[in-house]
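All of the numbers you see were taken from the coordinates with simple rules; none came from a lab. Note that the structure is predicted; figures quoted are calculated from it, not measured. Neighbour counts run over all protein chains shown; Cβ positions are idealised from the backbone, glycine included.
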Amino acid sequence: MTSKDKNAPERAGSQGAIQTTSRTNYSKIRKGTKLYNVILHLVKGNHLHRFQAEKIVRDHVLPSTVAGFQREYGIPVAREMITVTGYAGSRVTVADYWFTDEARIAAAKLLEAA
């Protein structure tokens, strides 16, 4: 964190991509749903943490959305714990989510089928 950007997240450690088994029998992700919007945001190469998710994709329970996606579709979502500025300037540790290149390709194919 620099003095220029006091609201920039601080990286607290990386867990990297988690390992799951891939499934081939998916249920479709409907366009316009919360899950579709979260996955689309990540497929575009963006990172997302819970406070950003509230504003950008209107997801109030991002960790649960990510967990459900991984469980249902077997596509890993990478994460790293970061520290961001929360309410009244307090520092809060949250998970920052993104797709690795391989997971991004798999998720993009899933969205194309929608």
* Asked: Which loop-located trypsin sites (Lys or Arg not before Pro) does segment 37-76 contain, where loop means any DSSP state but H, G, I, E or B and the Cβ has at most 14 other Cβ atoms within 10 Å?
  -> K44, R58
* Asked: Under a 5 Å amide H to amide H cut-off, with H placed in plane at 1.01 Å, what residues pair with V77 once short-range neighbours are removed?
  -> I18
* Structure fact -> Going residue by residue through segment 34-46, the Karplus relation 6.51 cos²θ - 1.76 cosθ + 1.60 with θ = phi - 60° gives ³J(HN,Hα) values, rounded to whole Hz and with x marking Gly or Pro, of 4, 4, 4, 5, 5, 5, 4, 4, 6, 4, 6, x, 7
* Asked: Around D96, which amide H atoms from residues at least 5 apart in sequence, or from another chain, sit under 5 Å from its own amide H, with H modelled in the peptide plane?
  -> E80, M81, I82
* **Among L35, L111, T100 the positive-end extreme of the charge dipole of segment 31-114 (Cβ point charges)** => L35
